[in-house]
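What follows is a single structure, written as structure tokens, with notes after it.
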Amino acid sequence: MKDIRVRIAPSPTGYLHVGTAHTALFNWLFAKHNKGTFILRIEDTDIERSSKEYEENILEGLNWLGLNWDEGPYYQTQRLELYKKYSQKLIDLGLAYYCYCTPEELEERRKIALQEKRAPKYDRKCLNLTSEERAKYEREGRKPAIRLLVPKGKTVFKDIIRGDIEFNNEDIGDFVIMKSDGIPTYNFAVVIDDYTMGISHVIRGEDHISNTPKQIFIYNALSWTPPEFAHLPLLLGPDRSKLSKRHGVTSVSEYKKMGYLPDALVNYLALLGWTPQEGKEVYTREELIELFDLRKVTKNPGIFDITKLEWINTQHIRSLSREKLADLTLPYLKEAKLIKEDSLNWEYYLKVISLLQERLKLLSQIKDYGDYFFLEELDYEKETVKKVIKHPEISKFLRMLKEEWEDLKDFSAHELEKSLKELSEKLNISTGTLIHPVRVALTNKTIGPSLYELIEVLGKEKTLKRIENFIKYLDANF
Ligand code: GLU
């Protein structure tokens, strides 16, 4: 079997899109599964729309996802000589020709063709120019583009995912391979690159199916064997239109910021168009590599479902070690100014993580779910407090509870629970009458991890101080 060499070839004209990440992932999995080579090529020939910022974002995003490349990045703008050489070769072979038509002339003729109900493809006006005609155009200062002479007949290629795909060559006009400014078009550069880089399999989005016959013409014209093709299903939004900003966040860096784990995004993207094993949804990277089979990828589009992605993220967060999760969540607390590096008690932080790990769907939620562990004082909200005050004498009861807890030698979850229960029995009230206000007093929230466990972590001093403040708040406001 020939060497497996695949590539991801993003154009740096936007931030790394989840669709590109999806394509990159399938190439990467294919390469890893087959011990092949994964190549990164930056298709930066659209000079106006390309930028360094986008390029950096793409490289960063692929790195963050762990889709490490073995070769590259190669840049098309550094390979212009190569495209020139091969376009010249095609001219010499009589399989491509110079075209001096201006965009305005082309547009004019396109309109007429449409009016006359003819296919608006290039009319081959420049196919057989005499040297006099060429010289005349050159004197006018026109710079020629180069067009490929599209052969007659049909073109069939075998797609690994979709089977045979057939095109009628008549439907395809002689297309430009080199623009008049010496920059190759996508279809030309991609062939020269894929061939010279020894790409064995072109795995890309199905939006490129219609480009494939054009690329095959070029392979054939240069007497090169084309690679194998596999066109992946596109990612769609819930309304089944192509995934775009309208559907929400589409750039990988945004997902990173929101607190998704790269392993979770990789896991989720792998399931769009592929079912590694029936009934199983959570996979490690190693499992995905092991199971990957390009032939099992489906034609059906992947519907991007953020709820499912979030669920998968939750599962991956749960399987992290406490230390790792602490490392990963720390930046969010710092950003929210809840923690300063020099005052961080790591042991305390690890205990907080143990309490919250099960509840986090996103890393960034640490600051919403766990802020009270780091705040000095809580700003109680009347609406929240109102919800949990069920007894007119609550403030008196809380004072009694505080006194009980002041005397506790062992400020452990077990002892705290025991004393709260005893007090409720004594007062003939339900434990909930105390539990809910205590939770709000300590956390400013109505839900959260086990109350006694969180109190044990919060510690005696903070707990008693907060109950005291809460009683004062109740006395002043209710
Ligand atoms: N630059 C193209 C894109 O981003 C690459 C397509 C291909 O893989 O051939 O869509």
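Just so it is clear, none of the values below were taken in a lab; they were calculated from the coordinates. Quick caveat, the model's predicted, so the values are computed rather than measured. Counting neighbours? That spans all protein chains shown, and the Cβs are built from the backbone with ideal geometry, glycine included.
Quick notes on this one:
- What the phi angles of segment 400-413 give under the Karplus curve with 6.51, -1.76 and 1.60, with θ = phi - 60°, is a coupling list of 5, 4, 4, 5, 4, 6, 4, 7, 5, 7, 9, 7, 9, 3 Hz, glycine and proline written as x.
- Loop-resident GluC sites (Glu not before Pro) (DSSP state other than H, G, I, E or B) in segment 393-478 with no more than 14 further Cβ atoms inside 10 Å of their Cβ: Glu393.
- Coupling constants for segment 39-56 follow from the phi torsions by the Karplus curve (6.51 cos²θ - 1.76 cosθ + 1.60, θ = phi - 60°), and in residue order they are 10, 10, 10, 9, 8, 9, 7, 8, 5, 4, 8, 7, 8, 4, 4, 5, 4, 4 Hz; glycine and proline get x.
- Taking amide H as placed 1.01 Å from N in the peptide plane, the amide H of Ala96 sits under 5 Å from that of Ile91, Leu149, each at least 5 places away or on another chain.
- Sparse-neighbour loop sites [GluC sites (Glu not before Pro); segment 7-96; at most 14 other C-beta within 10 Å; DSSP]: Glu48
- Applying 1/(1 + (r/R0)^6) with r as the Cβ-Cβ distance of Ser430 and Phe478 and R0 = 22 angstrom yields a FRET efficiency of 0.70.
- Per residue, the chain reaches -14500 deg cm²/dmol at 222 nm when only DSSP H runs of four or more residues are counted, each adding -39500 (n - 2.57).
- Per-pair calculated FRET efficiency, R0 = 30 Å: Thr196 and Lys125 via Cβ, rounded to 0.05: 0.40
- For segment 67-116 and segment 403-478, distance of Cα centres in Å: 74 Å
- For GluC sites (Glu not before Pro), the sites in segment 82-156 that DSSP calls loop and that have at most 12 other Cβ atoms within 10 Å are Glu116, Glu140.
- Cβ-derived FRET efficiency at R0 56 Å, Lys334 paired with Glu228, nearest 0.05: 0.70
- If only the Cβ of Lys and Arg carry +1 and only the Cβ of Asp and Glu carry -1, the dipole of the chain around its Cα centre is close to 1220 debye.
- Over the chain, the alpha carbon radius of gyration divided by the compact-protein estimate 2.2 N^0.38 Å works out to 1.40.
- Amide H contacts for Tyr74 (H built 1.01 Å from N in the peptide plane; partners 5 or more residues away or on another chain; cut-off under 5 Å): Leu40, Arg41, Ile42.
- Taking amide H atoms as placed 1.01 Å from N in the peptide plane, the amide H of Thr37 lies under 5 Å from those of Ile4, Arg5, Val6, each 5 or more residues away in sequence or on another chain.
- For segment 187-197, the Karplus equation 6.51 cos²θ - 1.76 cosθ + 1.60, evaluated at θ = phi - 60°, returns couplings of 4, 7, 4, 5, 6, 4, 5, 4, 5, 6, 8 Hz by residue, with Gly and Pro reported as x.
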